[in-house]
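Written below as structure tokens is the structure these notes are about.
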There are 4 protein chains.
Amino acid sequence: MQSRSPTGRAGRAGRPRSAAADTAILAATRAALVELGWSKLNLGDVAARAGVAKTTLYRRWPGKNELVVDAVAELFDELELPDRGSLAADIEGVVRQFAAILERPEARSGLMAVVAEATRDDALRARIRALIVDRQKRLVREGRARAQRRGELPAERDARQAARVVDLIFDMVAGAVVHRTLVSAEPADEDWARGFTRVLLCGLFDTGTPGDRR
Amino acid sequence: MQSRSPTGRAGRAGRPRSAAADTAILAATRAALVELGWSKLNLGDVAARAGVAKTTLYRRWPGKNELVVDAVAELFDELELPDRGSLAADIEGVVRQFAAILERPEARSGLMAVVAEATRDDALRARIRALIVDRQKRLVREGRARAQRRGELPAERDARQAARVVDLIFDMVAGAVVHRTLVSAEPADEDWARGFTRVLLCGLFDTGTPGDRR
Amino acid sequence: MQSRSPTGRAGRAGRPRSAAADTAILAATRAALVELGWSKLNLGDVAARAGVAKTTLYRRWPGKNELVVDAVAELFDELELPDRGSLAADIEGVVRQFAAILERPEARSGLMAVVAEATRDDALRARIRALIVDRQKRLVREGRARAQRRGELPAERDARQAARVVDLIFDMVAGAVVHRTLVSAEPADEDWARGFTRVLLCGLFDTGTPGDRR
Amino acid sequence: MQSRSPTGRAGRAGRPRSAAADTAILAATRAALVELGWSKLNLGDVAARAGVAKTTLYRRWPGKNELVVDAVAELFDELELPDRGSLAADIEGVVRQFAAILERPEARSGLMAVVAEATRDDALRARIRALIVDRQKRLVREGRARAQRRGELPAERDARQAARVVDLIFDMVAGAVVHRTLVSAEPADEDWARGFTRVLLCGLFDTGTPGDRR
DNA sequence: CATTAATCGAGACGGTACGTCAAGTCTTGCA
DNA sequence: TGCAAGACTTGACGTACCGTCTCGATTAATG
């Protein structure tokens, strides 16, 4: 998925690419990210850790940015949305999972850096959307559908409206957790997740006692 | 404010630092950020643009990271919170202003990059908090106080609770706008701002027709 | 000879070093020495003249000192000792040749400078001895052997004594020419060479009319 | 002597220059030369050691080269030529004294370096001649006159011839000691001094048993 | 089963930017 | 005015990575 195939139609003649190398390189990238952080990360070091030549790495990825997107994207594939019985519980659960990933240094260092690079690189931005953003929106879609099945949320008027709502919620949830964790640099712990979920579901105008609606 | 004072007690002996240089350097930094972006930004170029020697720059800032934090921080000082008559209108206004800043390439490139670097640099994180985060929380505090005066929001139980709410709202607003703009890479336009404000104030459970409560 | 070989056993793996680069760099060093002199000589300029990256230069030589020793050493390899029929004529010949080399600006600037640096750098001193001093002592040894074959000089008692005499003569000849040329800054012309040779062979006590013994 | 006087006639107006400063600066230069050597020597450090501002230093000397010539020249003024009873003994004595000075790091590092610089700087070359070369030729002149008084050496035909001989002997003695000490990097000890003196006085053709003529 | 064509390791290559250091000048304020 | 302090411009330093290249040595699938 993440590496371009060497030929247009099919890997015809010649020695085929080592499948193990891809795995080793991505793992080495994460390891290097942990030790060195984004700015000191260098592809020569990654190649050495993976037991691979620098040329092998450049044959498969265009550069540092794309490599790190791929390496970080795999982290977010761990996210799951088990049914915790209510929308509030589901949200709190995914917020805590997301926060846990963002505690890991390989995610912290890498994620914001590639987003920063993506502000000036359309292809990179597309890659991030495809491998991280769009892929994790499944969580919002699934949680929303489940809540609608439970009757907690109304159905949307149409598909366009549904997509807009999913996008908005994703930006609100992911944005708040990322901002709390990386910009404000405070832990997104259980208390914070509960407060956040309350506002997200009931709004700031809500005056009810905590826990009444869940 | 952003530059270290040259002496511990008082700038007594020797030639004093040129005050104009600071201004020129920060402006040059933003200009270079627009043209080159974070990753191609180099201090030699910044120094040349500012009409200043590279050593002068290094005498005043420890490095690229701190320089960019200072340069970007000035951008956010433009944010204002004029009274638009209702909390909803105030939020929409500040969201649109914030989004407008994040459209500017010097902010886009710089902000996420320094946040990324700050994940491995405590001093840098502190600098970001002091110059950007804590400074802009004034907007949340002011908006909240104004809404309480209008009777739109209840008063907090105590100061600790108030601070927690301010922090939460700041992360939710800033996080959502940043994520929408930089990660999802979609415009935070008027429509989006309205939808966001609605959810923030009324929550996802809200079923009222749009506009009833504002 | 002057560049370190990249591998211990044999230059096997990896791209081999360009052989032409060594030649180009040493020639560029001499050219830069002529134009700029030692103190203004800089490796960036040398690299540019040689059409080579600065890193290539640093990969092969530790620094300016060693590079200049190698570049200057090649100049002295031009020295020859053709048989002019008598020891006096041979000495005058080599003195004039040596003086001619020291007229050249690349030798003038470089030689004394590296000797100066070598006063605080053992490795550099060893390099000078190996590439310049010991290499040119061949001239003294050869001239002495030839004079002994002619019967002009007696044979030494033993090898140790021979080595001491060779060292002494080398220091006297080279020292006098260098001092005349660079310190006193007077030309070591034919007249001077004749006077010097007379004293070296006959001593200050000699009272004979010039030319009687040759 | 070595510093230019600030005004044409007398240091009249304004604060007069501190006389102690000159002494302190030259001493500091030698101290820095011992610790750092020529190439690492820097005028900021010298100024600090001398308890003087860098500007003061530049007001009195044009630069590093001239400063070091002055500092080193003072060392050679220590040379003396006590009457040891014979020309051979006088020469051996001065050779040993000269060698002793060249053992001192401040002389080793500085002397060759300024000679190297002087190859491209006429004013510097003149300064070296005036302060070092010409000044120490007094030793040769005095030794020669003494030997003539003793009857060891004949008188010259005329003054021009006398000057040529003095120059030649000076270059031979100083050149040999410098070359032995700094280029060959061997000690100019008592043995070497005796061998050198023998050759200088009797020549290489001499076959007599050592010591017969002294 | 030999050929063939791409991949692999290693490492040199031309570049660019780094952050530091020294040279020499300029600008203060004090004596 | 001389002087100490120290900021200033300039420019080289030596290092580290960048992404490309040139090698000789493996490897499969093809012929």
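The values are calculated or read from the model by the stated rules, or taken from the named source; none is laboratory data. Only a predicted model underlies this, so the values are computations on that prediction, with no experimental measurement involved. So basically every Cβ, Gly included, is an ideal-geometry build from the backbone, and we count neighbours across all protein chains shown. We work out accessible area using only protein heavy atoms, side chains counted, and drop any ligands, DNA or RNA first. Shrake-Rupley method; radii C 1.70, N 1.55, O 1.52, S 1.80 Å.
Annotation for the B:A interface, with buried accessible surface near 4700 Å², both sides summed [1.4 Å probe; non-protein components not counted].
Computed over protein heavy atoms with a 1.4 Å probe, the accessible surface of chain A works out to 46 Å² per residue. Residues of the range C:117-142 buried by at least 20 Å² of accessible area upon assembly of all protein chains, compared with the chain on its own (1.4 Å probe): C:Glu117, C:Thr119, C:Arg120, C:Arg125, C:Arg129, C:Val133. Binning the alpha carbon pair distances of the range D:72-202 at 5 angstrom intervals from zero yields the distribution 2, 10, 19, 23, 20, 14, 8, 3, 0, expressed in whole percent.
Among residues other than A:Asp189 with Cβ under 10 Å from its Cβ, the summed charge is 0 (Lys and Arg +1, Asp and Glu -1). Compute the angle between helix D:105-118 and the longest alpha-carbon principal axis of chain D, please, reported from 0 to 90 degrees and rounded to the nearest 10. It works out to around 80 degrees. This model, with +1 at the C-beta of Lys and Arg and -1 at the C-beta of Asp and Glu, gives the protein assembly as shown a dipole about its Cα centre of some 280 debye.
Hey, got the dipole for chain A? About the Cα centre, +1 on K and R Cβ, -1 on D and E Cβ, debye to the nearest 20? Don't jump to the answer; show the numbers that get you there.
On the way: 36 positive and 30 negative charges, 212 e Å.
Here the size comes out at about 1020 debye.
Taken about its Cα centre, the range D:19-60 carries a charge dipole of about 100 debye when Lys and Arg each add +1 at the Cβ and Asp and Glu each add -1 at the Cβ. Across the cross-link table entries A:Lys64/B:Lys64; A:Lys40/C:Lys54; B:Lys64/D:Lys64, which are compared at the Cα atoms, the separations over 31 Å belong to B:Lys64/D:Lys64. Within the accessible area of the range C:72-202, the carbon and sulfur atoms contribute 50%, probe 1.4 Å, all protein chains present.
Give me the log10 of I(q) over I(0) for the range D:95-148 at q = 0.15, 0.21, 0.28 Å⁻¹, as the Debye formula computes it from C-alpha points; what are the numbers? Cα-only, vacuum Debye calculation for the range D:95-148: -0.54, -0.88, -1.08.
Taking only the C-alpha atoms of the protein assembly as shown, the Rg (one decimal) and the largest Cα-Cα distance, Dmax (whole number), read 41.0, 130 Å. In the range C:149-185, burial by the other protein chains removes 40 Å² or more of accessible area from C:Leu168, C:Asp171, C:Met172, C:His179, C:Val183, C:Ser184, compared with the chain on its own (1.4 Å probe, ligands and nucleic acids ignored). Local charge for D:Asn42 was computed over the other residues whose Cβ lies under 12 Å away, with Lys and Arg +1 and Asp and Glu -1, and equals +2.
Placing unit charges on the Cβ atoms of the charged side chains and taking the dipole of the protein assembly as shown about its Cα centre, the candidate lying farthest along the positive direction among A:Leu75, A:Gln161, B:His179 is A:Gln161.
For the range D:118-168, a/c is not less than 1.5, where a ≥ b ≥ c are the root eigenvalues of the C-alpha gyration tensor, and a/b tops b/c. That puts it in the prolate class.
For chain D, relative contact order (Cα pairs under 8 Å, six or more residues apart, normalised by length) works out to 21 percent.
Hydrodynamic radius of the range D:13-144 by the Kirkwood approach over all distinct alpha-carbon pairs: 16.0 Å. The angle between the Cα long axis of helix C:134-150 and the main principal axis of chain C comes to about 30°, on a 0 to 90 degree scale.
On the protein heavy atoms, probe 1.4 angstrom, tell me the percent of accessible surface of the range D:19-60 carried by carbon and sulfur.
Exposed carbon and sulfur together represent 56 percent of the surface.
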